[in-house]
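Read the structure below first, then the notes.
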Amino acid sequence: DDAKITDALSTNALVLNQNAEIAGQKLFAKKEVRQALSLAIDREAIANAVVFAKAATGLVPHGVFNADSDKKTFREIGGDIIATSANVDSAKSLLSSAGVKPSDYSFSITVAAYDDVHNAIANMIKDAWTALGFKVNVKAIDVINNDDYYKPTESTPIDIKDDLYMEAYQGGDFEVILVDLCALSVDAFSVLAPYAKAYSGEGMDMSNFDYVLTPH
């Protein structure tokens, strides 16, 4: 009762690797499969399990303001894009129309092992997708000690870790990965800009004049 709660401007989302080969096919390249997997998720149940959370109804989180008003949020103006409850029947119908037999496919959801909330979410999503007939497991990736030799000190640091989860995400080494998309401001631009065609979102090395932007 005494807790003071401040909303974080972030949305948990799943990135489906459309280039991932699953049972010899690029399963997630099929729009109907992506839609079916989304429809099978009960976002309201996940939000209740997390406790201090709201079910996502779109990518831009609650709390981000609309550009034309500092009194109305982006979500209030834009409305709900996705339903917060699951629609398993529609999900199964979409898979059937796409000629996809879920039991033929096995894939994993990659998640950061050190985040208990994300692991709980990933397991609830796994259960939802398993109910569709897919064979799904949660792949929790942890950090490891960095054993690279550091020339300036002529030693191997003992307090530096390599985040293998982030390396998998940045390198596209996953089938499905759970990410926390954080808004950097109360303006929706910070969330939507990475989806502009020419935007890379990565740091630029100004000492390298041959730097090539890698679009999203």
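For the residues Asp104, Asp116, Asp142, Asp127, the requirement of being open to solvent by 70 Å² or more (accessible area, probe 1.4 Å) and within 13 Å of Leu27 (Cα to Cα) singles out Asp104.
Quick check, is Thr130 among the β-branched types (Val, Ile, Thr) and not in a helix (DSSP H, G or I)? Spelling it out, it is not the case that Thr130 is among the β-branched types (Val, Ile, Thr) and not in a helix (DSSP H, G or I). Residue count for the range 164-189, restricted to those that are open to solvent by less than 30 Å² (accessible area, probe 1.4 Å) and either touching a Gly at 6+ places or on another chain (Cβ under 7 Å) or more than 24 Å from Lys135 (Cβ to Cβ) (or both): 2. Evaluation of Lys92 against the conditions (1) part of a helix (DSSP H, G or I); (2) without any contact (Cβ under 8 Å) to a residue 12 or more places away in the chain shows that the sole unmet condition is (2). Just one of the listed residues (Val33, Val111, Val50) is of a type in the set (Val, Ile, Thr), open to solvent by less than 60 Å² (accessible area, probe 1.4 Å), in contact with a Lys or Arg (Cβ under 9 Å, 6 or more places away or on another chain) and in contact (Cβ under 8 Å) with a residue 40 or more places away in the chain, namely Val111.
Taking the condition surrounded by fewer than 18 Cβ atoms within 10 Å (Cβ to Cβ), aliphatic (A, V, I, L, M) and in a loop (DSSP other than H, G, I, E, B), does Ala8 pass? When the stated conditions are applied, Ala8 passes them.
The values are calculated or read from the model by the stated rules, or taken from the named source; none is laboratory data. Treat the numbers as computed from the prediction; the structure is a model and nothing was measured. For neighbour counting, all protein chains shown are included, and Cβ atoms are generated from backbone atoms with ideal geometry for every residue, glycine included. Keep in mind that these areas ignore ligands, DNA and RNA; they rest on the heavy atoms of the full protein, side chains included. Shrake-Rupley method; radii C 1.70, N 1.55, O 1.52, S 1.80 Å.
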